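These notes concern the structure reproduced below.
The values are calculated or read from the model by the stated rules, or taken from the named source; none is laboratory data. Note that the structure is a prediction, hence the values are computed from the model and not measured. Counting neighbours? That spans all protein chains shown, and the Cβs are built from the backbone with ideal geometry, glycine included.
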Amino acid sequence: MPRSAFKGVGATVDTVSIPMHRLGSAIWLLLTAEGALMQMMLGNGFGFNWQGLYVTSMLDFHSAWRTRADELSDSLKNTMLLDHYMVTHYRGHYYAKAQNLVHRLRHAYDEVLARYDLLLMPTLPIVATPLPEANAPVGQILQRAFEMLANTAQFDCTHHPAMSLPCGLVDGLPVGMMLVAKSLRRKDDLPRRRRFRERRRLEVAKGGWALGW
């Protein structure tokens, strides 16, 4: 168990609750529902109004999707249709609302991380599922594409550094343990991750814990 293994390397391990974590995927979806189309597709992978290096050759290459849209994945096509619907009918209202909620979501994690060094949780809520067949229904393809995001999408919004470590098997399938740290503290947590990996190989990861040294 990750909990006992971390205790074995000197960590204080407690169980914590962050109720807003369950809303994180919905917040992420609203941001994706408009941001992906505007930035990733219409913005050709670079978007607009940020300062940095724009690789024009890459931008030009990406823009060719417009002449090969039939080759895009079903999950991306679905996302683009949803994006277009949201932009056309709601004109950014729910995107803006989701961005406002990100501040509350980030604060919910920061409040716990002010007392602990790391959050520990399963990377995915499920073990690996079979890949859809080539002629699988679109609904099944979309389910496989998005069912794995329940614990990870939140940190795409809040920008907390997170990483997954292999920690064992369930029914012969690998399980990942995700460590989430305070913002901009990834380097501080490298020694702890090394100590955990050197300690032992785990067989099962489940539950959600907060860790402190």
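I'm checking my understanding of the structure. Among residues of segment 155-189 that are of a type in the set (S, T, N, Q) and closer than 19 Å to Leu101 by Cα, which one is modelled with the lowest pLDDT? Explain how you work it out, then say what you get.
Looking only at segment 155-189, we keep the residues that are of a type in the set (S, T, N, Q), and these are 158, 164, 183.
If we keep only those that are closer than 19 Å to Leu101 by Cα as well, we get 158, 183.
Details: Thr158: 96, Ser183: 84.
Here the residue is Ser183.
Given the conditions (1) surrounded by 15 or more Cβ atoms within 10 Å (Cβ to Cβ); (2) β-branched (Val, Ile, Thr); (3) at pLDDT 95 or above, which single one is not true for Thr32?
Of everything listed in (1) surrounded by 15 or more Cβ atoms within 10 Å (Cβ to Cβ); (2) β-branched (Val, Ile, Thr); (3) at pLDDT 95 or above, Thr32 misses just condition (3).
Taking segment 49-69, which residues are of a type outside the set (Phe, Trp, Tyr) and under 27 Å from the mean Cα position of the chain (by Cα)? Lay out the reasoning, then the answer.
Filtering segment 49-69 down to residues of a type outside the set (Phe, Trp, Tyr) leaves 49, 51-53, 55-60, 62-64, 66-69.
Passing the criteria: Asn49, Gln51, Gly52, Leu53, Val55, Met58, Leu59, His62, Ser63, Ala69.
Yes or no: Asn49 farther than 23 Å from Gln140 by Cα and in contact with a Leu (Cβ under 9 Å, 6 or more places away or on another chain)?
Numbers: farther than 23 Å from Gln140 by Cα: yes; in contact with a Leu (Cβ under 9 Å, 6 or more places away or on another chain): no.
Spelling it out, it is not the case that Asn49 is farther than 23 Å from Gln140 by Cα and in contact with a Leu (Cβ under 9 Å, 6 or more places away or on another chain).
Among the listed residues Leu211, Leu131, identify the single one that is modelled with pLDDT under 95, over 16 Å from the mean Cα position of the chain (by Cα) and under 28 Å from Ala5 (Cβ atoms).
Just one listed residue meets the conditions, Leu211.
For residues in segment 35-63 being of a type in the set (Gly, Ala, Ser), surrounded by fewer than 16 Cβ atoms within 10 Å (Cβ to Cβ) and modelled with pLDDT under 95, which is nearest to Tyr94 (Cα to Cα)? First the steps, then the outcome.
Pass one, segment 35-63, residues of a type in the set (Gly, Ala, Ser): 35-36, 43, 45, 47, 52, 57, 63.
So of that shortlist, the ones also surrounded by fewer than 16 Cβ atoms within 10 Å (Cβ to Cβ) come out as 45, 47, 52, 57, 63.
Imposing the further condition that a residue be modelled with pLDDT under 95 reduces the set to 45, 47, 52.
Working: Gly45: 22, Gly47: 19, Gly52: 28 Å.
Applying the filter and picking the extreme gives Gly47.
For the subset of segment 66-85 comprising residues that are within 18 Å of Leu149 (Cβ to Cβ) and of a type outside the set (D, E, K, R), which member is surrounded by the fewest Cβ atoms within 10 Å (Cβ to Cβ)?
So the residue we want is Ser73.
Can you pull out the residues in segment 70-102 that are under 24 Å from the mean Cα position of the chain (by Cα), closer than 18 Å to Met38 by Cβ and not in a helix (DSSP H, G or I)?
Within segment 70-102, Leu72, Gly92 meet the criteria.
In segment 122-144, how many are in contact with a strand residue (DSSP E or B) (Cβ under 8 Å, 6 or more places away or on another chain) and among the small types (Gly, Ala, Ser)?
Filtering segment 122-144 for residues in contact with a strand residue (DSSP E or B) (Cβ under 8 Å, 6 or more places away or on another chain) gives 122-124, 127-128.
If we keep only those that are among the small types (Gly, Ala, Ser) as well, we get 128.
Within segment 122-144, residues that are in contact with a strand residue (DSSP E or B) (Cβ under 8 Å, 6 or more places away or on another chain) and among the small types (Gly, Ala, Ser) number 1.
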